[in-house]
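Novice: Sending over a structure as structure tokens; questions will come in a sec.
The values are calculated or read from the model by the stated rules, or taken from the named source; none is laboratory data. Treat the numbers as computed from the prediction; the structure is a model and nothing was measured. Every residue, glycine as well, gets a Cβ built from its backbone with ideal geometry; the counts of neighbours run over all protein chains shown.
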Amino acid sequence: MNRRSLLAAPLFLAAPALAQRASAPPAAGAAVLTDRDRSDLARVEAYLNSLTTLRARFLQIAQNGAAAEGTAWIWRPGRMRFEYDPPEPLLLVADSGQFLMYDRELRAPTTLLVRQTPLGILLRPEVKLSGDVTVTGVERSGGFFRVTMYRTNEPAEGRLTLVFNPDPLELRQWAVVDSQRRETRVSLFRIETGLRFPAGLFQFNDPRFFEPGGLGAPQGNGG
């Protein structure tokens with residue numbers, strides 16, 4: 001797998017996972033939750049469901065040490081954009097139920113259904129950490145609160161760990177482990193919420209969308 005594939009791993013896990021479903025490691029069982037765990041998971045659900053828009057800088061580190069930075073936009077439900085800083089040519093966008101990965105150098109798009117990725121859990125209209133989501137771990141250490149999960153019916157897609165500042169609750173990082181146990185981490189900083197974004201930031205039916213400085217250029221609060 002090349003460097004770009006590794007960098008894209010957090011959003012595009014289902015394709016390799018499906019190809020290797022037969023050899024995927026057994027999924028971990030559901031965590032035995034304490035009353036405190038259940039209370040904290042309810043806080044996480046409430047926080048994520050109240051989160052409408054988020055913009056942040058991100059640092060992404062793959063299993064092999066490859067790293068990239070960029071700007072992330074999230075507009076719940078359903079929309080997400082990762083604009084990588086040059087020289088990395090990748091653009092990752094979620095909209096209308098699809099993830100698009102676009103390599104600006106190769107002019108090559110790849111698409112995948114949002115619901116086929118662990119990270120798609122964040123983009124649901126209602127985030128619920130039970131039922132079709134299995135929570136395998138709740139951890140409090142180093143001043144952070146971590147929740148690990150996978151889609152119950154599709155454990156081969158990989159595991160997603162969300163990392164929060166506990167008080168006030170704020171999403172600061174996620175980590176994805178794929179079917180071959182490769183981990184990729186995305187850390188968020190300079191986080192802003194409650195902003196207004198132009199709809200064109202997430203729509204890939206306009207050729208200008210794919211060009212640096214086009215529809216995908218960083219925007220202010222106006223929309």
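Novice: Going through the range 31-51 one residue at a time, which ones are out of contact with any Leu (no Cβ under 6 Å at 6 or more places or on another chain), surrounded by 14 or more Cβ atoms within 10 Å (Cβ to Cβ) and either part of a loop (DSSP other than H, G, I, E, B) or not charged (D, E, K, R) (or both)?
Specialist: Ala31, Leu33, Val44, Leu48, Asn49, Leu51, listed by residue number.
Novice: Residue by residue through the range 73-115, note down the ones that are of a type in the set (S, T, N, Q) and within 25 Å of Glu126 (Cα to Cα).
Specialist: Residues satisfying the conditions are Ser96, Gln98, Thr111.
Novice: Next up: One residue is enough: does the range 177-184 have a residue meeting the conditions surrounded by 13 or more Cβ atoms within 10 Å (Cβ to Cβ), within 27 Å of Asn64 (Cβ to Cβ), at pLDDT 80 or above and more than 15 Å from the chain's Cα centre (by Cα)?
Specialist: For the range 177-184, residues surrounded by 13 or more Cβ atoms within 10 Å (Cβ to Cβ), within 27 Å of Asn64 (Cβ to Cβ), at pLDDT 80 or above and more than 15 Å from the chain's Cα centre (by Cα): present.
Novice: Hey, does the range 113-126 have a residue that's touching a residue at least 40 places away in the same chain (Cβ under 8 Å), assigned to a strand (DSSP E or B) and buried (at least 20 other Cβ atoms within 10 Å of the Cβ)?
Specialist: For the range 113-126, residues touching a residue at least 40 places away in the same chain (Cβ under 8 Å), assigned to a strand (DSSP E or B) and buried (at least 20 other Cβ atoms within 10 Å of the Cβ): absent.
Novice: Something else: How do the pairs read when you match residues in the range 143-158 that are on the phi > 0 side of the Ramachandran plot with residues anywhere that are assigned to a strand (DSSP E or B), using Cβ under 6 Å and keeping only pairs 6 or more apart or on different chains?
Specialist: Filtered contacts from the range 143-158: Gly158/Val176; Gly158/Val177.
Novice: Checking the condition in contact (Cβ under 8 Å) with a residue 40 or more places away in the chain, over 19 Å from Leu162 (Cα atoms), among the acidic types (Asp, Glu) and touching a Phe, Trp or Tyr at 6+ places or on another chain (Cβ under 8 Å), which residue from Asp103, Asp95 passes?
Specialist: None of the other options fit; the residue is Asp95.
Novice: Within the range 89-112, can you find the residues that are loosely packed, with under 14 Cβ neighbours inside 10 Å and either touching a Pro at 6+ places or on another chain (Cβ under 8 Å) or in a loop (DSSP other than H, G, I, E, B) (or both)?
Specialist: Ser96, Gly97, Glu105, Leu106, Arg107
Novice: Going residue by residue through the range 63-82, is there one that turns out to be under 24 Å from Ala199 (Cα atoms), surrounded by fewer than 16 Cβ atoms within 10 Å (Cβ to Cβ) and modelled with pLDDT of 95 or more?
Specialist: No - not one qualifying residue is present in the range 63-82.
Novice: For the range 59-112, name all the residues that are among the acidic types (Asp, Glu) and touching a helix residue (DSSP H, G or I) at 6+ places or on another chain (Cβ under 6 Å).
Specialist: Matches in the range 59-112: Asp95 only.
Novice: Looking at (1) touching a residue at least 60 places away in the same chain (Cβ under 8 Å); (2) within 18 Å of Ser187 (Cα to Cα); (3) among the β-branched types (Val, Ile, Thr), find the lone condition where Thr134 falls short.
Specialist: With (1) touching a residue at least 60 places away in the same chain (Cβ under 8 Å); (2) within 18 Å of Ser187 (Cα to Cα); (3) among the β-branched types (Val, Ile, Thr) applied to Thr134, the lone miss is (2).
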